[in-house]
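The values are calculated or read from the model by the stated rules, or taken from the named source; none is laboratory data. Just so it is clear, the model here is predicted, and its values are computed rather than measured. Neighbour counts are summed over all protein chains in view; Cβ atoms, including those assigned to glycine, are modelled from backbone coordinates with ideal geometry.
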Amino acid sequence: MLLYHGSNVEVSHPKICKRLRNLDFGNGFYLTSSKKQASKWSKSVTRRKRKGEPTLNSYYFDESFLSNLNVLKFNTADENWLEFVVRNRKGLPITTQYDLVIGPVANDSTLDVINDYMAGRFNKKIAVELLMPQNLTDQYTFLTQNALQYLVFKGSEQV
């Protein structure tokens, strides 16, 4: 399968980077199967960093290697996904070490729901009800070097 990473530079050798902010699935290398989503990420990163050019990086990942990895997969933005995202965004420890986490990406509209839930403005049931109708793209977060070894860089293009 082809996966994409949006950046302000070419990333031919992906790394697990510690982030200054807490992201959905923790510190890792984030990709998506959506070329459109990765292009949006590349523009956002370039604006935030104020350098480089929006760059779409492409990688091949052979799904047969999933059996070699400890994978957590969320098919929808359900209660388990919400709790996992909240734990990561709060910087709380995750008890199981995963190599790869796959699931919906929180976008601008879901971030409001997640932030309101984290602030206690409504309970988990209401948060999940608000998240369910969202048409969310996916994200693949490679959390370990073990997982990254299975990514093959295919090239990059400026967008």
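In summary, Lys73 fulfils each of the numbered conditions (1) exposed (fewer than 15 other Cβ atoms within 10 Å of the Cβ); (2) farther than 23 Å from Ala147 by Cα; (3) at pLDDT 95 or above with the single exception of condition (2). Look through segment 104-123, keep the residues that are touching an Asp or Glu at 6+ places or on another chain (Cβ under 7 Å) and at pLDDT 85 or above, and return whichever of them is farthest from Tyr30 (Cα to Cα). Per the criteria, the residue is Phe122. Report yes if some residue within segment 32-54 is surrounded by 19 or more Cβ atoms within 10 Å (Cβ to Cβ), part of a strand (DSSP E or B) and of a type outside the set (D, E, K, R); otherwise report no. Looking for residues that are surrounded by 19 or more Cβ atoms within 10 Å (Cβ to Cβ), part of a strand (DSSP E or B) and of a type outside the set (D, E, K, R), one finds at least one in segment 32-54, hence yes.
Could you check segment 142-158 and list, in sequence order, the residues that are more than 12 Å from Asn70 (Cα to Cα), touching a residue at least 40 places away in the same chain (Cβ under 8 Å) and not basic (Lys, Arg)? If the condition is that a residue be more than 12 Å from Asn70 (Cα to Cα), touching a residue at least 40 places away in the same chain (Cβ under 8 Å) and not basic (Lys, Arg), then Gln145, Leu148, Tyr150, Leu151, Val152, Phe153, Gly155, Ser156, Glu157, Gln158 are the ones that fit. The number of residues in segment 57-100 that are in contact with a helix residue (DSSP H, G or I) (Cβ under 8 Å, 6 or more places away or on another chain), aliphatic (A, V, I, L, M) and under 13 Å from Gly28 (Cβ atoms) comes to 4. From the list Glu83, Glu129, Glu53, which one is free of Cβ contacts under 8 Å to residues at least 40 places away in the same chain and not aliphatic (A, V, I, L, M)? Answer to the selection: Glu129.
Here Tyr98 does not fit the description of being aromatic (Phe, Trp, Tyr), modelled with pLDDT of 85 or more and exposed (fewer than 13 other Cβ atoms within 10 Å of the Cβ).
Taking every residue in segment 93-121 that is free of Cβ contacts under 8 Å to residues at least 12 places away in the same chain and pairing it with any residue that is surrounded by fewer than 18 Cβ atoms within 10 Å (Cβ to Cβ) and part of a loop (DSSP other than H, G, I, E, B), at least 6 positions away or on another chain, the pairs with Cβ-Cβ distances below 7 Å are Asp116/Phe122. Selection of segment 124-143 for residues being at pLDDT 85 or above and either polar (S, T, N, Q) or surrounded by 14 or more Cβ atoms within 10 Å (Cβ to Cβ) (or both) yields Ala127, Thr137, Asp138, Gln139, Tyr140, Thr141, Phe142, Leu143. Pairing each residue of segment 12-33 that is without any contact (Cβ under 8 Å) to a residue 40 or more places away in the chain with any residue that is in a strand (DSSP E or B), provided the two are 6+ apart or on different chains, yields C-beta distances under 8 Å for Cys17/Phe29.
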